């Protein structure tokens, strides 16, 4: 199982490397090969997920390690569905985000062993709630990555500096995880140094790139929003059976509602015809809200969903 996880992690990383080289030397063929590698990586990810499902006897999304694996699987799924229409940069960003997550998992020290379900999770609502929620997170992550690309492609200094900051976090996180994984160096010092180098490099080598259609930016929102709505509703029904009430103002519930409102505002401004630049900044805000909902709540704020941090 660990071997398959390692193969899948390096496969995603290889697809990112291939597409980066393809973009740099302007080779469409190499970018095409990178998409094939990405698809193979997705299949490996899918095989790993179903292998754990078969071994556990339930959908493997009930702890931190397996939820991260499922999260990147959902991101990869959306990229595979839209891979023909995806800009090379978007595939690159997705590969980096996925690789960062997987290599981060390798050094995070989470329990990778298959654990029995706690009583509250023994429900038929588990699969529906978790699948719809994570598919929503993945769709919004694609929206975030497209927004990053749009801002980095901008001629405005403030836009590409802010996008370089976010992208620098992703890249430095990936490189730091790999360095820690392979060489076991001090992760904090290494991470800060790599971030500063990447951030400075992104700003120094910045140049405007080919714009993407607005549909590429907003389409993931119209996929993710109904999925998130379904996830919140099914979660409320599940809470009624598990804890006796539909809504308990648990930190996870509060931040899920905040995230839902953020993307409702996003849809409102899109209907009003706001610019792609404005919507791209909203995409960054939305992604931060997702990260608080997914990570901040599980690992910092105690509540009914704290089991997911183990």
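Read-outs: derived from the displayed coordinates by stated rules, not from any lab. Since the structure is predicted, the reported quantities are computational estimates derived from the model, not experimental observations. All Cβ positions, even for glycine, are placed from backbone atoms using ideal geometry, and neighbour counts span all protein chains on display.
If eta is 0.890 mPa s and T is 25 °C, what Stokes-Einstein diffusion coefficient results for the range 38-154, Kirkwood Rh from Cα pairs, in µm²/s?
Roughly 161 µm²/s, to the nearest whole number.
Kindly put 12, 266 in sequence by how many other C-beta atoms sit within 10 Å of each C-beta, fewest to most.
266, 12
Cα convex hull of the chain: mean projected area in nm², to one decimal?
Computing the convex hull of the Cα atoms and averaging its projections yields 15.5 nm².
Hey, what angle do you get for helix 187-204 against the long axis of the chain, alpha-carbon based, 0 to 90 degrees rounded to 10?
40
Per the helix-only calculation at 222 nm, which mean residue ellipticity applies to the chain, given -39500 (n - 2.57) for every DSSP H run of n ≥ 4 and division by its residues, nearest 500 deg cm²/dmol?
Here the helix-only value at 222 nm equals -26000 deg cm²/dmol.
Based on the Cα atoms of the range 211-310, what semi-axes does the equivalent ellipsoid have, where each is the square root of 5 times one gyration tensor eigenvalue, given in whole Å with the largest first?
29, 15, 10
At 25 °C and 0.890 mPa s, what whole-number value in µm²/s does Stokes-Einstein give for the translational diffusion of the range 229-282, with Rh from the Kirkwood sum over Cα pairs?
194
Using the alpha-carbon centroid of each, what span in Å lies between the range 56-112 and the range 14-31?
The distance from the Cα centre of the range 56-112 to that of the range 14-31 comes to 21 Å.
Among 171, 183, 135, which one moves the most in a GNM of the chain with springs linking Cα atoms closer than 10 Å?
183
If packing is taken as the mean number of other Cβ atoms within 10 Å per residue, what is the order of 94-100, 200-206, highest first?
Final packing ranking: 94-100, 200-206.
Mind ranking 146-157, 43-54 by how tightly packed they are, going by the mean number of other C-beta atoms within 10 angstrom, highest first?
The packing order, highest mean first, is 146-157, 43-54.
For the chain, take the longest principal axis of its alpha carbons; what is the angle in degrees between that and the long axis of helix 64-81, to the nearest 10 within 0 to 90?
Helix 64-81 sits roughly 50 degrees off the main axis of the chain.
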